[in-house]
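If you scroll down you'll find the structure; I have some questions about it.
What follows draws every value from the coordinates through simple rules; no lab data is involved. Everything quoted here is computed from the prediction, not taken from an experiment. Virtual Cβ from ideal backbone geometry, glycine too; neighbours counted across all protein chains shown.
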Amino acid sequence: MENRPYTYQFKTEALAEHERLSRLFRENRFMFELERKKIIQRNISRIRKKALRKDLEEMQDQWDKIMKNAGSSHNRFVLMQTLLWDAVQNKWLPAIKK
């Protein structure tokens, strides 16, 4: 979706896209994963700063490798929480303080 103001049409399209991805997740995890990676890559490729784009690609690759070996859905959820809070405490907060 392109950048645009929040509208009823935008909300309707977003809900339809969510339903499509949700159905894909339930019915075909492999295709969902391909679609998820494509969406993430499309969003990262929109970043104008080459260094930031490279950092985001590396971070996404790192997270994908970690999540691939997480095992059960509960393990993936706990691992994602841990990774998120680690990033907040060790990267984002120190960067904000600078």
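Taking the Cα atoms of the range 10-65, report the difference between the largest and smallest coordinate on each principal axis, in whole Å and largest first.
Per principal axis, max minus min of the Cα coordinates gives 35, 29, 12 Å.
About its Cα centre, what dipole magnitude does the chain give when the only charges are +1 on Lys and Arg Cβ and -1 on Asp and Glu Cβ, stated in debye to the nearest 20?
360 debye
Additional query: I'd like the Karplus ³J(HN,Hα) series for the range 20-27: coefficients 6.51, -1.76, 1.60, θ = phi - 60°, whole numbers in Hz, and an x wherever there's a Gly or Pro.
Once θ is set to phi - 60°, the couplings for the range 20-27 become 4, 5, 5, 5, 4, 4, 6, 9 Hz.
Given all pairs of different Cα atoms, what value in angstroms does the Kirkwood hydrodynamic radius of the chain take? Intermediate results must be reported in sequence, preceding the final value.
Details: mean 1/r = 0.0627 Å⁻¹.
Kirkwood radius, the chain: 16.0 Å.
Okay, moving on. Which pairs in the list K37/K91; K50/K97; K37/K68; K50/K98; K54/K97 are over 19 Å apart, alpha-carbon to alpha-carbon?
The answer is K37/K91; K50/K97; K50/K98; K54/K97.
Once every DSSP H run of n ≥ 4 in the chain is given -39500 (n - 2.57) and the sum is divided by its residues, what mean residue ellipticity at 222 nm do you get, rounded to the nearest 500 deg cm²/dmol?
Calculated mean residue ellipticity at 222 nm is -25500 deg cm²/dmol.
Of A87, W63, H74, which is farthest towards the positive pole of the range 52-98's charge dipole, taken about the Cα centre with +1 and -1 on the beta-carbons of Lys, Arg and Asp, Glu respectively?
A87
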